[in-house]
Amino acid sequence: MPILRVQQILQIAVRNFRRFRLQAVLIVVATMTGTAGVLVSAGYAAGGRQKILDQFASLGTNVIIVTPQQSRAVGGRARTGSLVTTLNPADYRAIKQSVDDISSASPTMAAVLRIRAGDLTKNTTVVGCTPEYFVIKHWLPVRGEVFEERANRQQARVALLGTTAAQDLFGEGDPTGSRIEINRIPFTIAGVMSERGQGLDASNEDDQVYVPLDTAMHRLLNVNYFNSILLQMDSRSQMDDATEQIRQLLGERHRHIAPAGDDFVVQNRKSLLDTQLSAFSRLTFLIRWIAGSGLVVSSLGVFAVTWIGIRNRTREVGTRRALGATRGDILLQFFSEGTLGALIGCGTGMGTGYLVLRSVDARLIQPLMFSTLAAGLEVFVSVAVYSTFTLISSLRAVRIELLVALHAE
């Protein structure tokens with residue numbers, strides 16, 4: 001087909017696109033909605049994955065986490081969320097003595113307690129830990145300094161504040177050296193930690209208060225067990241062996257307590273990351289499936305609008321055929337009209353999706369990310385889907401017989 005003839009057909013398609021405005025608007029709106037939905041779902045998936053990776057990056061490398069098993073069998077049925085208190089200081093000492101190449105280690109004990117600073121009070125999580133807790137997490141204070149191991153041995157009443165907790169209790173000022181009360185027990189603030197965000201358990205680490213481990217266990221909570229034990233190994237190659245060694249060690253120690261099975265969980269950084277990504281991938285699949293369904297529905301809308309438009313323009317098809325237009329000319333004309341609307345809709349949808357990602361991101365705990373590569377791929381798929389449905393409906397115009405078209409009302 002000559003290039004000049006193709007240009008003439010495309011010009012006719014553009015004129016008809018302007019002429020049949022309602023049809024054009026419906027096509028643009030349908031494609032815009034479908035493309036924006038697919039783009040937002042891609043941004044959700046990318047943002048969620050990056051959030052998980054950032055959380056694990058802040059955890060540190062070569063880390064093993066030991067936690068109590070949060071489910072026990074009661075009457076032959078699992079009871080979820082029951083308190084398990086068998087992870088104790090003796091277990092921690094046994095791990096330290098039996099497992100080689102541990103560079104840093106810190107048990108933790110946390111509970112939600114009432115904090116008072118002057119006339120202000122708030123309930124927040126108080127975490128008892130050792131100074132090595134902050135070494136494992138590569139976490140530094142922005143004001144003051146981290147308490148020393150001596151403070152832990154002496155059960156000193158010192159505390160570190162997360163940035164959010166510090167702002168809620170003291171505003172923008174420097175609270176270092178100020179006094180707070182935790183469960184009516186006075187503490188001196190040693191410093192304020194740098195901003196961090198959510199931890200692996202989805203808690204806001206910036207809204208927490210950190211005190212020496214022994215202080216939390218004996219002065220605040222009066223307990224003799226841990227919520228978790230964090231261990232950092234010297235090298236990544238030792239992770240799997242150390243994980244299995246700890247599992248066997250605690251299994252032997254707890255056999256008389258939990259004969260039916262382990263009452264603890266030992267996970268290294270890699271297994272935790274795989275678990276988190278696997279769980280999120282299932283949610284991402286659901287979100288993408290919904291967005292893909294929206295894309296198909298909007299494509300069917302484009303197909304229906306184009307199909308009805310061709311039926312209403314049957315006489316026009318006959319007139320053009322009588323004046324010498326070939327079936328290929330007719331196909332190119334209607335396909336160009338539909339594709340033009342799809343391209344405009346996809347471009348508008350891409351812009352709409354970008355604005356949604358940027359405007360909603362700041363209001364959500366779950367971050368949304370705009371990826372140029374992902375956006376280009378999603379738009380390419382959208383254009384391909386819309387063009388396919390437009391081509392199918394355009395074939396209807398090609399199959400119309402000349403005499404039938406000329407006699408159409």
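The values are calculated or read from the model by the stated rules, or taken from the named source; none is laboratory data. It should be emphasised that the depicted structure is a prediction, and the values quoted were computed from it without experimental measurement. Glycine also receives a Cβ, built like all others from the backbone with ideal geometry; neighbour counts cover every protein chain displayed.
Figures for the structure shown
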{"quantity": "Selection count, the stretch 88-115, where residues are under 24 Å from Phe187 (Cβ atoms) and among the β-branched types (Val, Ile, Thr)", "calculated": "3"}
{"quantity": "Residue within the stretch 209-225 that is buried (at least 16 other Cβ atoms within 10 Å of the Cβ) and at pLDDT below 90 present", "calculated": "no"}
{"quantity": "Contacts under 9 angstrom Cβ, first residue in the stretch 272-289 being exposed (fewer than 15 other Cβ atoms within 10 Å of the Cβ), partner modelled with pLDDT under 75 and of a type outside the set (D, E, K, R), 6 or more apart", "calculated": "Leu283/Gly48"}
{"quantity": "Qualifying helices (runs of 4 or more DSSP H) (wholly inside the stretch 100-198; at least 3 residues being assigned by TED's automatic domain parsing to the domain that holds Gln232 and without any contact (Cβ under 8 Å) to a residue 24 or more places away in the chain)", "calculated": "none"}
{"quantity": "Flag if Ala291 is in contact with a Phe, Trp or Tyr (Cβ under 7 Å, 6 or more places away or on another chain) and under 30 Å from Gly47 (Cα atoms)", "calculated": "no"}
{"quantity": "Residues (in contact with a helix residue (DSSP H, G or I) (Cβ under 6 Å, 6 or more places away or on another chain) and under 16 Å from Val66 (Cβ atoms)) located in the stretch 106-127", "calculated": "Ser106, Pro107, Met109"}
{"quantity": "Within the stretch 213-245, considering residues that are over 34 Å from the mean Cα position of the chain (by Cα) and not aliphatic (A, V, I, L, M), the one farthest from Ala94 (Cα to Cα)", "calculated": "Arg219"}
{"quantity": "Matching residues, the stretch 116-145, being within 31 Å of the chain's Cα centre (by Cα), within 16 Å of Gly191 (Cα to Cα) and aliphatic (A, V, I, L, M)", "calculated": "Val126, Val127, Val135, Leu140, Val142"}
{"quantity": "Residue list for the stretch 152-186, restricted to those being crowded, with 18+ Cβ neighbours inside 10 Å, under 23 Å from Met217 (Cα atoms) and touching a helix residue (DSSP H, G or I) at 6+ places or on another chain (Cβ under 8 Å)", "calculated": "Asn152, Ala156, Arg157, Val158, Leu161, Gly162, Ala165, Ile180, Ile182"}
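Here's the yes/no breakdown for (1) closer than 23 Å to Ser281 by Cα; (2) at pLDDT 75 or above:
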| residue | (1), (2) |
| --- | --- |
| Ala36 | yes, yes |
| Leu39 | yes, yes |
| Gly43 | yes, yes |
| Gly48 | yes, no |
| Lys51 | yes, no |
| Asp54 | yes, no |
| Val66 | no, yes |
| Gln69 | no, yes |
| Gly76 | no, no |
